[in-house]
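These notes concern the structure reproduced below.
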Amino acid sequence: MHSSCEIAAQEYFLNVYRMYKNEEAAGDAVDKPIDAARRSIQLNDKSANAHSLLTDLYGRKISLGDAMFAGPKFGPKVQAENAKAMASDDKNPHVWASLGREYLMTPKMFGGDIAKAKESFQKSLAVDLSQDGTWVWPPRHFKNSVIKQKPEMPACPF
């Protein structure tokens, strides 16, 4: 079984391969974490974090391949894993952030929706403001909007 350190190492290699434009090696580098996430789900099918991680890895796989072919192959898997994650724990900020990424990165004709993405990111932040993964995505895509937050927190500038 892969440890989280091994998965982090694979993520590092994936980024290095992408930096050097070696998309084939990058695609191979994401396969090991996908296998590890699948095994984790086999051990605990109720783990929202494992389903959410697998969702994000499938999304990464789409971005590494030809989207015309990878999208139809992995897109339904993204949706299915997000549904399982949400059914397991609808109060998990990782799940809401992953759902936001799904809506954000999916083409509109296949169910992508910027408003739903923003709402999902807001729900993730409402559960836990310290989620790095949630804070990373919105500034790239919501430059002229404000994510609603609790009154005691400063407004987020995206």
ask   = If you rank 23, 119, 102 by fewest surrounding Cβ atoms within 10 Å, what's the result?
value = 23, 119, 102
note = When 103, 58 are arranged by how many other beta-carbons sit within 10 Å of their Cβ, fewest first, they go 103, 58
request  = Fewest Cβ neighbours within 10 Å first, please rank 52, 88 accordingly.
outcome  = 88, 52
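FYI, it's all coordinate maths here, none of it is from the lab. Since the structure is predicted, the reported quantities are computational estimates derived from the model, not experimental observations. Note that each Cβ is placed from the backbone with ideal geometry, even for glycine, and that neighbours are counted across all protein chains shown.
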